[in-house]
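The values are calculated or read from the model by the stated rules, or taken from the named source; none is laboratory data. Keep in mind the model is a prediction, meaning the values are calculated, not measured. Quick reminder, even Gly has a Cβ in these numbers, built from the backbone with ideal geometry, and neighbours come from all protein chains shown. Calculation scope for accessible area: heavy atoms of the full protein, side chains included, ligands and nucleic acids excluded. Shrake-Rupley method; radii C 1.70, N 1.55, O 1.52, S 1.80 Å.
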Amino acid sequence: MGVAFDAPVISARINTDMASTHKKVIVRKTGRDSISGYVSPAKFVVDGKLELLNPAGKVILVDLAEVKSVDFVRDFNEAPSTGRKTFTSRPRTEGLWVRLRFADNDILEGLMANELTQVIPEGFLITPPDTRGNTQKIFVPKSALIELNVIAVIGRPEVRKKTAEDLRQERLFTEP
């Protein structure tokens, strides 16, 4: 004779706030020291603090007032410099070409998304001039900046629709 058991119902709660992957970052502090670790790209700023998972697996909260930049990097072992800090020519990628001036008078240029849905209140996410280098993106807290200038809006030229006034214009040359 067999005995029937009721199978337990297992429910799993999925936390959608935390992304399934973490990105490698180097946090550059205002005092010139830095911390390596991992952040969730979806939500790495919580209550004015940067939530960082260090390589040992411990969560560290760093106040944004102490942070100069959060560099999203390919590898921790590369040189700590961000490569080129300004563009050598006009960028080809769409976005806002910006120049940032930090509290220590350091200058950094980059590209920001020209979309309000990508702007977060704590700071700016920019793409650095040297995209082939170790640093892929840079998050800069607003508290670290003295000045942010938009140099140019780069994008596709929009096709201008002809208005009624344009249609009344007499054409001198006809197109075949």
Yes/no for ALA56 being modelled with pLDDT under 95, assigned to a loop (DSSP other than H, G, I, E, B), surrounded by fewer than 16 Cβ atoms within 10 Å (Cβ to Cβ) and small (Gly, Ala, Ser): yes
Enumeration of residues in the stretch 132-176 that are among the hydroxyl-bearing types (Ser, Thr, Tyr) and modelled with pLDDT of 90 or more: SER143
Matching residues, the stretch 135-146, being open to solvent by 20 Å² or more (accessible area, probe 1.4 Å), within 16 Å of THR30 (Cα to Cα) and in a strand (DSSP E or B): LEU145, ILE146
Filter result (among the polar types (S, T, N, Q) and over 19 Å from the mean Cα position of the chain (by Cα)) within the stretch 49-72: ASN54
Residue, surrounded by the fewest Cβ atoms within 10 Å (Cβ to Cβ), within the stretch 59-90, restricted to residues that are in a loop (DSSP other than H, G, I, E, B) and touching a residue at least 60 places away in the same chain (Cβ under 8 Å): ARG90
